[in-house]
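Trainee: Take this structure first; my questions come after.
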Amino acid sequence: MTHLKAWQEQLAPEETAVIFSTVSRRYLTGFTSSDGVLVTTREEALLYLDSRYYEMAQIAQSRGRIPENVILRPFIFPKEFEERIKDGLVSKVLFEDKRLTVSELRKLERNFADAEFLPIGERLDRLRMVKDRDEIRAIAGAQALAEEALAHLLPLLSPDRTETWVAAELERYMKLHGAEKPSFETICISGTRTSLPHGRPENIKLTDGGFLTMDFGCVLDGYCSDMTRTVCIGRATEEMKTVYNTVLRAQLAGVAAAKAGVSGKDVDKASRDVITEAGYGEYFGHSTGHGCGLQVHEAPYFAPKADNLIPAGAVLSVEPGIYLPGRFGVRIEDLIAVTENGCENLNRSSKELVEIV
Ligand code: ZN
Ligand code: ZN
């Protein structure tokens, strides 16, 4: 699952890319390290690692987890890079403008004053947007595990459970069944707190007769999942049902609008229009969806200003919501893999309103 070749093919002969971010190094080489530098040209790839990772990388490469053409180097990046610049082997240096801090860039420019530094811009993100079959399989696997956790949890829910218990139980299940970790801090909120789209779970009991919103996911094989379900603890009122079903219709409209070649804002609009027409437009403040892969939030986006066209192979969330301040909120979220003619929904679990009685 590495993408080094595709990346190298789109580099110009005079370009050298220096990759400092963990996520991009992982994407291109398949190897995860908290530190290190990957230097790539059209012809070459050098991975500089310190003693914490060097031997691990040698083992990973011997097992085929790092492409053969990656040259592993103990950490002598600055010295060797300087020599390459002096020898005229490096002139234009691409840096990750979205992931490097200003001070890190200044330091690079100071240390390698003879090179010209240019931003990578969207070039790496555009590659990452298009997931290959193995990546989609990994994300689908992570999502299936999250859904299993939910199926395990539902029969255990009652007004005696607390928000933190519910969050812990979801995370515990996913970890016990192979997840590396949650893909983000589990959101688990109940009662009037469901109007807070990203509220943190608290050590308080679930509200009888209130909603419970669970937004969670895990990392499996390096890839993230992300899903949200809102259930009712006890019976829902007519108004709660109306809001729930409006969000559900909006979610289905977003999924139905997604296909290769549409713009991110068109899908957002398809979903948002349902909520606006039902009179709840002002209570849906966030965008409809985001890409998901090695990172739980990544390009592309379903958002009101997203002009970008969505490519086949992109994996995104569709997650509209309605949040009535001080009263209650509902969000429903699936992940979809965009195809030429539509999309494949990576979720299987029901979206009909569940009342825990
Ligand atoms: Zn989510
Ligand atoms: Zn999400």
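The values are calculated or read from the model by the stated rules, or taken from the named source; none is laboratory data. Just so it is clear, the structure is predicted and the values come from calculations on it, not from any experiment. All Cβ positions, glycine included, derive from the backbone under ideal geometry; neighbour counts span all protein chains shown. Heads up: the accessible areas ignore ligands, DNA and RNA and are worked out on the full protein's heavy atoms, side chains in. Shrake-Rupley method; radii C 1.70, N 1.55, O 1.52, S 1.80 Å.
Trainee: ASP266 - would you say it is surrounded by fewer than 22 Cβ atoms within 10 Å (Cβ to Cβ) and free of Cβ contacts under 8 Å to residues at least 12 places away in the same chain?
Mentor: For ASP266, the condition - surrounded by fewer than 22 Cβ atoms within 10 Å (Cβ to Cβ) and free of Cβ contacts under 8 Å to residues at least 12 places away in the same chain - is met.
Trainee: SER287 fails exactly one of the following numbered conditions: (1) under 25 Å from THR207 (Cα atoms); (2) within 21 Å of the chain's Cα centre (by Cα). What is the number of that condition?
Mentor: So the condition that SER287 fails would be (1).
Trainee: In region 306-357, how many residues are more than 15 Å from ligand 2 (Cβ to nearest atom) and among the polar types (S, T, N, Q)?
Mentor: 5
Trainee: Regarding ILE71, is this residue open to solvent by 40 Å² or more (accessible area, probe 1.4 Å) and assigned to a strand (DSSP E or B)?
Mentor: Numbers: open to solvent by 40 Å² or more (accessible area, probe 1.4 Å): yes; assigned to a strand (DSSP E or B): yes.
Here the answer is yes, as ILE71 does meet what is asked.
Trainee: Of (1) within 19 Å of LYS351 (Cα to Cα); (2) touching a Gly at 6+ places or on another chain (Cβ under 8 Å), MET214 satisfies all except one. Which?
Mentor: If we test MET214 against (1) within 19 Å of LYS351 (Cα to Cα); (2) touching a Gly at 6+ places or on another chain (Cβ under 8 Å), just (2) comes out false.
Trainee: In region 5-23, what count of residues is obtained for those that are assigned to a helix (DSSP H, G or I), surrounded by 17 or more Cβ atoms within 10 Å (Cβ to Cβ) and within 20 Å of the chain's Cα centre (by Cα)? Can you show your working first?
Mentor: Taking region 5-23 as the starting set, the residues that turn out to be assigned to a helix (DSSP H, G or I) are 5-9, 22-23.
The next check asks that each one be surrounded by 17 or more Cβ atoms within 10 Å (Cβ to Cβ); those that pass are 7-8, 23.
After this cut, where a residue has to be within 20 Å of the chain's Cα centre (by Cα) as well, the list is 23.
Qualifying residue count for the region: 1.
Trainee: Might you check whether a residue that is more than 16 Å from the chain's Cα centre (by Cα), assigned to a helix (DSSP H, G or I) and within 17 Å of CYS343 (Cα to Cα) occurs anywhere in region 301-316?
Mentor: no
Trainee: Output yes when any residue across region 93-101 is more than 26 Å from VAL23 (Cβ to Cβ) and hydrophobic (A, V, I, L, M, F, W, C), and no when none is. Reasoning before the result, please.
Mentor: Restricting attention to region 93-101, the residues satisfying the condition of being more than 26 Å from VAL23 (Cβ to Cβ) are none.
Looking through region 93-101, none of the residues is more than 26 Å from VAL23 (Cβ to Cβ) and hydrophobic (A, V, I, L, M, F, W, C).
The rows are residues; the columns are (1) touching a residue at least 60 places away in the same chain (Cβ under 8 Å); (2) of a type in the set (Val, Ile, Thr).
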site: GLY141; (1), (2): yes, no
site: LEU145; (1), (2): yes, no
site: THR164; (1), (2): no, yes
site: GLY178; (1), (2): no, no
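For every residue, the table says whether it meets (1) within 13 Å of ligand 1 (Cβ to nearest atom); (2) open to solvent by 50 Å² or more (accessible area, probe 1.4 Å); (3) at pLDDT 95 or above.
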{"residue": "TYR301", "(1), (2), (3)": "no, yes, yes"}
{"residue": "LEU309", "(1), (2), (3)": "no, yes, yes"}
{"residue": "ALA312", "(1), (2), (3)": "no, no, yes"}
{"residue": "GLY321", "(1), (2), (3)": "yes, no, yes"}
{"residue": "ARG327", "(1), (2), (3)": "no, yes, yes"}
{"residue": "GLU333", "(1), (2), (3)": "yes, no, yes"}
{"residue": "GLU340", "(1), (2), (3)": "no, yes, yes"}
{"residue": "ASN347", "(1), (2), (3)": "yes, no, yes"}
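Residue-by-condition table, conditions (1) of a type in the set (Ser, Thr, Tyr); (2) closer than 25 Å to VAL23 by Cβ; (3) modelled with pLDDT of 95 or more; (4) out of contact with any Asp or Glu (no Cβ under 7 Å at 6 or more places or on another chain):
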site: GLU109; (1), (2), (3), (4): no, yes, no, yes
site: PHE117; (1), (2), (3), (4): no, yes, no, no
site: LYS131; (1), (2), (3), (4): no, yes, yes, yes
site: ILE139; (1), (2), (3), (4): no, yes, yes, yes
site: ALA146; (1), (2), (3), (4): no, yes, yes, yes
site: LEU150; (1), (2), (3), (4): no, no, yes, yes
site: TRP165; (1), (2), (3), (4): no, no, yes, yes
site: ASP215; (1), (2), (3), (4): no, yes, yes, no
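Trainee: Name the helices (runs of 4 or more DSSP H) wholly inside region 91-197 in which the number of residues that are β-branched (Val, Ile, Thr) is 1 or more.
Mentor: Working: elements: 102-111, 123-129, 133-153, 163-176.
Correct list: 102-111, 133-153, 163-176.
Trainee: To continue, here is another question. Being open to solvent by 10 Å² or more (accessible area, probe 1.4 Å) and either closer than 25 Å to LEU153 by Cα or more than 16 Å from ligand 1 (Cβ to nearest atom) (or both) narrows it down to one residue among GLY209, GLY217; which is it?
Mentor: Details: GLY217 fails: open to solvent by 10 Å² or more (accessible area, probe 1.4 Å).
Going through GLY209, GLY217 in turn, just one is open to solvent by 10 Å² or more (accessible area, probe 1.4 Å) and either closer than 25 Å to LEU153 by Cα or more than 16 Å from ligand 1 (Cβ to nearest atom) (or both): GLY209.
Trainee: Those residues that are open to solvent by 30 Å² or more (accessible area, probe 1.4 Å) and either part of a helix (DSSP H, G or I) or hydrophobic (A, V, I, L, M, F, W, C) (or both), I need them from region 42-68; list them, please.
Mentor: TYR54, GLU55, MET56, GLN58, ILE59, GLN61, SER62, listed by residue number.
Trainee: In region 237-255, which residue that is more than 16 Å from ligand 2 (Cβ to nearest atom) and touching a helix residue (DSSP H, G or I) at 6+ places or on another chain (Cβ under 7 Å) is least open to solvent (accessible area, probe 1.4 Å)?
Mentor: The first filter runs over region 237-255 and keeps only residues more than 16 Å from ligand 2 (Cβ to nearest atom), leaving 237-246, 248-249, 252-253.
Those left that are additionally touching a helix residue (DSSP H, G or I) at 6+ places or on another chain (Cβ under 7 Å): 246, 249, 253.
Numbers: THR246: 5, ARG249: 131, ALA253: 29 Å².
Per the criteria, the residue is THR246.
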